[in-house]
Each structure stands twice: as structure tokens, then as C-alpha cells.
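All remarks here apply to the structure that follows.
The values are calculated or read from the model by the stated rules, or taken from the named source; none is laboratory data. This structure is a prediction, so every number in the text was calculated from the model and none was measured. Every residue, glycine as well, gets a Cβ built from its backbone with ideal geometry; the counts of neighbours run over all protein chains shown.
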Amino acid sequence: MEWVIIIIFILGYLVIALEHPLRINKAGTALLTGTVLWVIYTYAAPTLVPVVSSEDFTLFLEGNAQWKDLPLVQQITHFVVDYQVLESIGSICETLLFLVGAMITVELIDTHGGFSIITDKITTKKKRKLLWVIALITFFMSSVLDNLTTSIVMVMLLRKLVDDYKERWIYGSVIIIAANSGGAWSPIGDVTTIMLWVRGNISTSATIPHLILPCLVSCFIPVLIAQRMLRGEITPPRNVEGQEDNLLARSLQKKNRLSILILGLACLLLVPVFKTVTHLPPFMGILMGVGFLWVYTEIMYQRLHRLNEKIKQPLAKVVHRIDGATLLFFLGILLAVDALQSAGILSGFSRFLDLHVGNVYAVNLIIGTLSAVVDNVPLVAGAMGMYPIANQAIITAAADPAYMANFVQDGVFWQFLAYCAGVGGSMLIIGSAAGVVVMGLERINFIWYLKKFSFMALLGYLAGAGVYILQNMLLGH
């Protein structure tokens, strides 16, 4: 039965990877895959649970005496339905609720023209200088916003500044690399780092100082090479194509747009502080921020009497603009991965890697390379399912305590996983959400990116990885 689960997961993965040629939305495939795997696992549970989850099953029966006299098959069914499924949904919802809050906050800022305050400051006419400015803004912006939103904002900026589409392809490719590198060093910068942070694999205080330098290197090496492709001054476009004026942003005073930008970014940046002070999960902090922004915008609109009601965008309207399909994709993928974990398949794969690879750097470099081809969300979710967060008891009981120490919170494995899964997606234009959206907006050719930027991205990826490894060797972890 384990082979049936593995085959269905691989088939679902292939359909997700081939979303565009098959024209089947990956959210639907992920949901179907995740739910089907749980159905199959439930039927296979009587043979799997006593082997894979014997300790948890025993504790479950001790805490639920009313089911001790039932036949074993019924006991296991209750264990799957009333414990494993609910535990899976609970941990998944922590991630999804955080993403909902973050997406609403970013959408609110964008709708009210907050990001234009940043992008309007770019006035340089030098092509190479503009490349560095765009790379820096994208790198740091994507550490707070999601890569997708950052890429869209920066492409819209490009269309205001650069006329030649081939030159925009160069700038757009750098945006992809900078967005992926910038998102990897911040716990709230990328979906994969959010997953690791929410579930306690990494923390803010350790992740940022350990990853910011490797991520900077992975971004700036490609930029150093790419600047040779540009010379002279920019030719500005006569008309800005494909961008309608934001009527609401033009109607608001700058102080209103600035206040929403500052408050929105503060709500995102203060979430780690909220978690540290209250010890509550991060989604509580982001939801509190959304509530604060909701009240603030309602009061702001009450004071703006002359503003046309039709162009107002209170948070109740902005909620409808967030990408629900993306959230359902995460739900389906995480359900599928949890089914693999419950069936013991991921733990078996981790034992295989430990036996035949046995090096946390090599394992993560492989995962990072794979993330250029397939979505990094299931890769990271799979890695989280393969290895537990090690505590002192697990380390002491391990056959190789020194190796197991890499899996403690903020251990080498988890930090390097955040780096590799985030940055590795830049090696192909389809390897990240940022790459796919820039490819679609600017119609960048897959082969063109492969020829011009894939090798640059690979050099940056390996250089940043080398910096991280060197840091650990020289300074310790």
C-alpha cells in the first residue's frame, strides 16, 4: 500500500509541475492528491500504524479509555480521524492563517498606492546604476513582502522606466534572482521560510544573522555579471503599457498613502516581536495587525468625506482580492505531505538519505537544485516531514549524536534548507513564483533565460552556499 501512496503522490506532483501545458490549475491537483492520499492511508492504517506510530497510538488509547475495548481496526480508525487528521489540519491552519493575514496586509498597501512612494524615488538614467538600485530594492522588499508581490511591484516600476523589452528582460531576470535571495534570509520573506518559522524549525534571531550574507552573495554575483549586458542611459517609454492608473491612489493624499505603508509594514515586521513577547503563534500577531489596519482604514475613510464611494477600498473589499487558489494549493500540498509522513514514507526516505548521503549540506544542495524544477513548497514540507526538530533526548538516543545535532531548532539543516529552497528556484525561470509571474508579465522566453541567466543564478547559488558553509567552519554555529 505504501507504493500506491508514493505513486499517486508522484503522479500528482507531475501534474502540478506540468500545470501550464496541461492547463489544469495546480490547486485542484494538490487538493485532489492530498485528500486521496488520506483516504488510502486510512484504509492502510491497520497495518501501518502499529509499525510507524506505535508510541503515539498507545498514548492516544491511554487518553481515550472509551475506545480501549473496541476492535483494533476501529481503535486505529479513531486514532487516524480524531488525532492524526486533526493534528495535521491544526498545524496546516497555522501556516495558512498567517499567509492570509500577510496577503491581506500587502494587498491593502498596494491598493492604496503605498509601494509607489518607494518606487517613485528612483530617478537614475544610468542603466547599470538602475540595475543595482532595482536589485537592492527587490532584495530588501522581498524580505518583508512575498516574492510574488515584490516581483509584480518591481515589474510595474520597470514599465515606467525602460522602453526596450529586451533590456526589461535583463532587469526582470535580476528581479527574479533578487526576490528569491531576499526572501530566503527573513522568516517572513518567503512561503518556505514562513513554514519553517511557524512550525518552530527556525527563529528570527538566529536566521537573519546566519543567512543574510550568503543571500547577499547569491544575489550580487549574478548582478555583477549581468551589468556587463547593459551600457549607456535608459530610453524611457513614451507610454506606459499595460498599467492603468490607480484612481484611489491618485485621489488619496500622500500622507494617507504613507501612513498605510508604514502601518502595514510595521504590522508585518512586528510579528516576530509579538511571538517573542507573548509566546503565541505568529498567525495571532498577523491577525491582530489586520484588525488594527481594518479599524484604521475605516476611520480614515470616515474623515475623507469628498472621496467617491465607488473608488474606496476598505479592507472588506480588499479581502476579495487575495489569491485563494494559492492558499488552496498550499492546503492540498501540506495535506499530501502529512499523509506521507503519517504512513512512515518520509521517515524511511530520511533514513535512506542519512545512510547513502549522510551530509546535511549535500542533502540541502540537492533539495535546492530540485526546487529549480519543481515547487519548493512541497520540497520543504517533505523535508520537514522527514526529520523531527531534535531535542536533547533525541540527540542522546541517536546513533550519531553529532549528526542529529544539525536538526535542533536553528540547526544547520533547517537554516541551510531555507537558503537552498529559496535561492535554488532562481536557476530556472519556472522554479519560483517570482519567476513565473515575471515570465508572464514580460513574456520572457524560457530558453532565453536558460541561456543568459541560469548559469549566473547557479554561480550565485553555489557561492552563497559556500559562504554559509565557510561561516560555520570559521565561526561555528
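Okay, residues lined up against (1) within 24 Å of the chain's Cα centre (by Cα); (2) crowded, with 19+ Cβ neighbours inside 10 Å:
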site: Ile109; (1), (2): yes, yes
site: Gly114; (1), (2): yes, yes
site: Ile117; (1), (2): no, no
site: Thr123; (1), (2): no, no
site: Lys127; (1), (2): no, yes
site: Leu131; (1), (2): no, yes
site: Ser142; (1), (2): yes, yes
site: Leu148; (1), (2): yes, yes
site: Met154; (1), (2): yes, yes
Study note, to complete from the structure: Checked the stretch 450-468 for anything over 11 Å from Ser181 (Cβ atoms) and in contact with a Ser or Thr (Cβ under 6 Å, 6 or more places away or on another chain); matches are Phe453
Review point. What is the residue count in the stretch 71-91 for residues that are buried (at least 17 other Cβ atoms within 10 Å of the Cβ), among the aliphatic types (A, V, I, L, M) and farther than 25 Å from Phe330 by Cα?
Key: 1
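Condition check ((1) surrounded by fewer than 17 Cβ atoms within 10 Å (Cβ to Cβ); (2) more than 24 Å from Lys160 (Cβ to Cβ)) across all residues:
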{"site": "Leu248", "(1), (2)": "no, no"}
{"site": "Leu265", "(1), (2)": "no, no"}
{"site": "Phe274", "(1), (2)": "no, yes"}
{"site": "Met300", "(1), (2)": "no, yes"}
{"site": "Lys317", "(1), (2)": "yes, yes"}
Review point. Hey, among the residues in the stretch 170-191 that are of a type outside the set (Asp, Glu) and under 9 Å from the mean Cα position of the chain (by Cα), which one's surrounded by the fewest Cβ atoms within 10 Å (Cβ to Cβ)?
Key: Ile188
**Study point:** Condition broken by Phe283, with the remaining ones in (1) closer than 17 Å to Ile202 by Cα; (2) in contact with a Leu (Cβ under 6 Å, 6 or more places away or on another chain); (3) surrounded by fewer than 18 Cβ atoms within 10 Å (Cβ to Cβ); (4) of a type outside the set (Gly, Ala, Ser) satisfied
**Key:** (3)
Review point. How many of the residues in the stretch 427-438 are in contact (Cβ under 8 Å) with a residue 60 or more places away in the chain and in a helix (DSSP H, G or I)?
Key: 5
Check your understanding: Can you tell me which of Leu130, Leu148, Leu158 is of a type in the set (A, V, I, L, M) and more than 27 Å from Arg321 (Cβ to Cβ)?
Key -> Leu130
Review point. For Ala418, are the conditions met, namely being surrounded by fewer than 18 Cβ atoms within 10 Å (Cβ to Cβ) and among the small types (Gly, Ala, Ser)?
Key: no
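Just checking, which of Ala226, Ala249, Ala266 is among the hydrophobic types (A, V, I, L, M, F, W, C), modelled with pLDDT under 85 and over 23 Å from Trp414 (Cα atoms)?
None of the other options fit; the residue is Ala249.
Can you find a residue in the stretch 230-238 that is over 24 Å from Ile152 (Cβ atoms) and either in contact with a Ser or Thr (Cβ under 8 Å, 6 or more places away or on another chain) or among the aliphatic types (A, V, I, L, M) (or both)?
Checked against the condition, which is being over 24 Å from Ile152 (Cβ atoms) and either in contact with a Ser or Thr (Cβ under 8 Å, 6 or more places away or on another chain) or among the aliphatic types (A, V, I, L, M) (or both), the stretch 230-238 yields no hits at all.
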Revision key, fill the gap. Restricted to the stretch 107-166 and to residues being under 24 Å from Cys267 (Cα atoms), outside any helix (DSSP H, G or I) and of a type outside the set (Ser, Thr, Tyr), the residue modelled with the lowest pLDDT is Asp146
Practice item. Among residues belonging to the stretch 274-292 that are in contact with a helix residue (DSSP H, G or I) (Cβ under 8 Å, 6 or more places away or on another chain) and of a type in the set (Val, Ile, Thr), point out the one that is farthest from Ala316 (Cα to Cα). Key: Thr276
